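The block underneath contains the structure these notes are about, expressed in structure tokens.
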Amino acid sequence: MNDRVNSLGFTHRYLAPSDPGTKDTLLLLHGTGGDENDLLDVGQMLWPEAGRLSPRGKVMENGMARFFRRLAEGVFDVDDLIRRTDELAEFVGAAAALYRFDPQRVIAVGYSNGANIAASTLLLRSIILSKAILFHPMVPLVPESLPDLNGRAVFIGAGRRDPIAVPDQSEQLAQLLARTGADVTIHWENGGHALARGEVEAAREWLRQLAS
Ligand code: MLT
């Protein structure tokens with residue numbers, strides 16, 4: 001019943017925790033051209049017992065869904081990004097009330113465009129995220145004042161040959177987040193922009209260690 005509903009302003013899927021004792025929810029944010037189904041299996045690999053909330057980005061670019069507008073490859077419409085970040089944060093809060101999960105225990109898991117809006121959410125609306133896993137992110141924006149992310153942990157998965165989220169961007173984002181006090185782990189794969197199994201496994205291990 002909670003599956004693939006078009007309510008709360010976003011087409012989305014919500015899968016309740018398979019173990020009711022698990023209070024964490026993975027917020028799954030797909031890449032450009034993806035949809036709400038894309039990262040369900042990744043979420044399952046990362047933490048099989050956790051709840052999964054997976055919205056579809058509302059911005060269409062040549063028929064491909066995204067989470068915010070861009071003016072060109074790697075050139076973001078920052079006003080739209082800020083507005084969409086707020087909209088996503090409102091959605092997460094409303095979904096938490098509807099599905100009765102703890103809004104303080106939401107872990108963002110984003111890939112590419114989804115990682116970029118997850119990073120933007122950390123920087124602008126950090127209150128809604130307890131941790132974040134960012135696969136192939138860029139620096140989405142630099143806020144005028146940095147939030148205090150002390151006590152928050154962020155995992156970045158990056159590719160040494162990534163032509164889109166180039167290594168320098170991943171490094172810069174790691175540095176920016178470290179300046180907020182966040183505990184940042186960066187994991188390198190040798191490949192390009194595609195999501196590699198190795199980085200998902202490394203993120204799973206990272207989550208396990210934080211939970212233990
Ligand atoms: C973005 O637009 O968010 C990044 O360039 C990644 C992508 O979606 O291609």
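Are there strands (runs of 3 or more DSSP E) fully within segment 31-91 with at least 2 residues that are within 16 Å of the ligand (Cβ to nearest atom), of a type in the set (A, V, I, L, M, F, W, C) and within 30 Å of R204 (Cα to Cα)? List them.
64-66
Contact list please: Cβ distance under 7 Å, first residue in segment 191-202 and more than 19 Å from P48 (Cα to Cα), second residue among the acidic types (D, E), pairs at least six apart or on different chains.
Close Cβ pairs (under 7 Å, with a partner that is among the acidic types (D, E)) amount to G192/D162; H193/D162.
In this structure, is G51 more than 25 Å from H193 (Cβ to Cβ) and buried (at least 21 other Cβ atoms within 10 Å of the Cβ)?
Spelling it out, G51 is indeed more than 25 Å from H193 (Cβ to Cβ) and buried (at least 21 other Cβ atoms within 10 Å of the Cβ).
Please indicate, with yes or no, whether at least one residue in segment 39-48 is under 20 Å from A194 (Cβ atoms), surrounded by 14 or more Cβ atoms within 10 Å (Cβ to Cβ) and of a type outside the set (A, V, I, L, M, F, W, C).
Yes: one or more hits.
Every residue, every condition in (1) among the aliphatic types (A, V, I, L, M); (2) surrounded by fewer than 18 Cβ atoms within 10 Å (Cβ to Cβ); (3) in contact with a Gly (Cβ under 7 Å, 6 or more places away or on another chain), yes or no:
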{"site": "L123", "(1), (2), (3)": "yes, no, no"}
{"site": "S145", "(1), (2), (3)": "no, yes, no"}
{"site": "D162", "(1), (2), (3)": "no, no, yes"}
{"site": "Q169", "(1), (2), (3)": "no, no, no"}
{"site": "A174", "(1), (2), (3)": "yes, no, no"}
{"site": "A182", "(1), (2), (3)": "yes, no, no"}
{"site": "G191", "(1), (2), (3)": "no, yes, yes"}
{"site": "A203", "(1), (2), (3)": "yes, no, yes"}
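Looking only at segment 8-38, count every residue that is free of Cβ contacts under 8 Å to residues at least 40 places away in the same chain and more than 27 Å from G198 (Cα to Cα) and tell me the total.
Total satisfying the criteria: 2.
Quick note: the coordinates plus some simple rules give every number you see, no bench work behind them. The structure displayed is predicted, hence computed values, not measured ones. Don't worry about glycine lacking a Cβ; one is built from the backbone with ideal geometry, like all the others, and counts go over all protein chains shown.
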